[in-house]
Amino acid sequence: MNGMSVRTQSSDQPAETVHRAGFACFVGRPNAGKSTLTNALVGQKVAITANQPQTTRHTVRGIVHRPDSQLILVDTPGLHKPRTLLGERLNDVVRTTWAEVDVIGFCLPANEKIGPGDRFIAKELAGIRKTPKVAIVTKTDLVDSKTLAEQLIAIDQLGKDLGIEWAEIVPVSAVGAKQVDLLADLLIPLLPEGPPLYPEGDLTDEPEQVMIAELIREAALEGVRDELPHSIAVVVEEMLPREDRPADRPLLDIHANVYIERPSQKGIIIGPKGKRLKEVGIKSRKQIEALLGTPVFLDLHVKVAKDWQRDPKQLRKLGF
């Protein structure tokens, strides 16, 4: 275990007034806990979290504001071996993002042994020399201390095998909020000195329409994961304040299309007598209202965009 730093408590910060600001991104194979960690750090739901791979499609930024620093979290899609044009585009986005951030957090779940997917990403990371890398052991609430210790040793060894020098190895449980603040304490010193890059109070610079589309997409995936894991895209066509409403009772009309690849998938999304689509509407409307802080009328339509994942024109239209 020599030469490996595992932090479990915060060290006393030196009394310095330098301000740091910069970008961090979390990487890891699908479901390694990247989005959950982003949300825990920011303290508000900004990245989409769903229990199945490849749901994060956009670079959603969460912003952690502190008096002496600003940590901007860039949430990249999981890197995976591309099977479709969409897959290849996602991988390009990932590599570009990795090269542009100030620190990379590599998420490895505590409850699963290091596998080929982790090694695939670690090899890619080894090729990005300049950026400091922090190994983050997620989901520590699911294991005992012996399993956790074994995982920490395995991660240390993985770094040695590939020539990656971990700046830190940090165990966290985002769900139990354990050590999430500590993680921020460790990432911030790795950022460059500089003024805040975003105004105080901003939690994400993701356009509201994209965040709303993500919330609808997440609700639409509930219950149909196995049948349509990522054949769903959502586009918010328009958002308009309802006219003739008193100032103290505003209403926002949101019209959105849920796109699937084949007509046969329409029934799955809509459900018997429209029941599923209605549930999707109710669930996402509540989350949209919480996000925007205003009552919403949500109008959802299901449309077929044939084989959109493989068609460059459709991908552009759907924002990829």
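Look at segment 267-287 and say how many of its residues are part of a helix (DSSP H, G or I) and either acidic (Asp, Glu) or under 12 Å from VAL224 (Cα atoms) (or both).
8
Any residue at all in segment 278-299 that's surrounded by 12 or more Cβ atoms within 10 Å (Cβ to Cβ), of a type in the set (Lys, Arg), more than 18 Å from ALA213 (Cβ to Cβ) and in contact (Cβ under 8 Å) with a residue 24 or more places away in the chain?
Checked segment 278-299: no residue is surrounded by 12 or more Cβ atoms within 10 Å (Cβ to Cβ), of a type in the set (Lys, Arg), more than 18 Å from ALA213 (Cβ to Cβ) and in contact (Cβ under 8 Å) with a residue 24 or more places away in the chain.
Can you find, within segment 96-153, the residue that is surrounded by the most Cβ atoms within 10 Å (Cβ to Cβ) among those that are over 23 Å from VAL175 (Cα atoms) and among the charged types (D, E, K, R)?
This residue is ASP102.
Cβ contacts < 7 Å: first residue in contact (Cβ under 8 Å) with a residue 12 or more places away in the chain, restricted to segment 155-173; second residue assigned to a strand (DSSP E or B) and hydroxyl-bearing (Ser, Thr, Tyr), any location; separation 6+ or different chain. Result?
Once the first residue is in contact (Cβ under 8 Å) with a residue 12 or more places away in the chain and sits in segment 155-173, its partners that are assigned to a strand (DSSP E or B) and hydroxyl-bearing (Ser, Thr, Tyr) give VAL172/THR138.
Take the residues in segment 32-54 that are modelled with pLDDT of 80 or more and part of a loop (DSSP other than H, G, I, E, B); name whichever of them is farthest from the chain's Cα centre (by Cα).
Restricting to residues being modelled with pLDDT of 80 or more and part of a loop (DSSP other than H, G, I, E, B), the top hit is ALA32.
Yes or no: ILE128 closer than 22 Å to GLU193 by Cα, assigned by TED's automatic domain parsing to the domain that holds ALA167 and among the hydrophobic types (A, V, I, L, M, F, W, C)?
yes
Looking at GLU289, GLU227 in this structure, which one is under 24 Å from ARG89 (Cα atoms) and not basic (Lys, Arg)?
So the residue among GLU289, GLU227 that is under 24 Å from ARG89 (Cα atoms) and not basic (Lys, Arg) is GLU227.
If a residue must be in a helix (DSSP H, G or I), closer than 16 Å to ALA110 by Cβ and not β-branched (Val, Ile, Thr), how many such residues does segment 145-182 contain?
The total comes to 12.
Is segment 134-142 home to any residue that is without any contact (Cβ under 8 Å) to a residue 24 or more places away in the chain and not in a strand (DSSP E or B)?
No - not one qualifying residue is present in segment 134-142.
Given the criterion modelled with pLDDT under 85 and either over 28 Å from GLY62 (Cα atoms) or out of contact with any Phe, Trp or Tyr (no Cβ under 7 Å at 6 or more places or on another chain) (or both), identify the matching residue among HIS230, HIS255.
HIS230
From the list ILE288, ILE270, ILE282, which one is hydrophobic (A, V, I, L, M, F, W, C), at pLDDT 85 or above and out of contact with any Leu (no Cβ under 7 Å at 6 or more places or on another chain)?
Sole residue among the options that is hydrophobic (A, V, I, L, M, F, W, C), at pLDDT 85 or above and out of contact with any Leu (no Cβ under 7 Å at 6 or more places or on another chain): ILE282.
Does LEU240 satisfy being under 22 Å from ARG310 (Cβ atoms) and surrounded by fewer than 19 Cβ atoms within 10 Å (Cβ to Cβ)?
For LEU240, the condition - under 22 Å from ARG310 (Cβ atoms) and surrounded by fewer than 19 Cβ atoms within 10 Å (Cβ to Cβ) - is not met.
Restrict the check to segment 55-77 and report whether at least one residue is in contact with a Pro (Cβ under 7 Å, 6 or more places away or on another chain), modelled with pLDDT of 60 or more and hydrophobic (A, V, I, L, M, F, W, C).
Within segment 55-77, none of the residues are in contact with a Pro (Cβ under 7 Å, 6 or more places away or on another chain), modelled with pLDDT of 60 or more and hydrophobic (A, V, I, L, M, F, W, C).
What tally of residues in segment 89-114 results from selecting those that are without any contact (Cβ under 8 Å) to a residue 24 or more places away in the chain and either over 17 Å from the mean Cα position of the chain (by Cα) or part of a strand (DSSP E or B) (or both)?
1
Given the structure, is ASP248 in a loop (DSSP other than H, G, I, E, B) and either in contact (Cβ under 8 Å) with a residue 12 or more places away in the chain or under 23 Å from GLU208 (Cβ atoms) (or both)?
yes
Pick from ALA184, ALA213: which is modelled with pLDDT of 80 or more, under 20 Å from ALA305 (Cα atoms) and not hydroxyl-bearing (Ser, Thr, Tyr)?
ALA213
Look through LEU162, LEU203, LEU197 and report the one residue that is out of contact with any helix residue (DSSP H, G or I) (no Cβ under 7 Å at 6 or more places or on another chain) and either of a type in the set (A, V, I, L, M, F, W, C) or modelled with pLDDT of 95 or more (or both).
Only one candidate qualifies: LEU197.
Which residue, of GLN287, GLN265, is of a type outside the set (Phe, Trp, Tyr) and in contact with a helix residue (DSSP H, G or I) (Cβ under 8 Å, 6 or more places away or on another chain)?
So the residue among GLN287, GLN265 that is of a type outside the set (Phe, Trp, Tyr) and in contact with a helix residue (DSSP H, G or I) (Cβ under 8 Å, 6 or more places away or on another chain) is GLN287.
The values are calculated or read from the model by the stated rules, or taken from the named source; none is laboratory data. Because the structure is a prediction, the values reported are computed rather than measured. All Cβ positions, glycine included, derive from the backbone under ideal geometry; neighbour counts span all protein chains shown.
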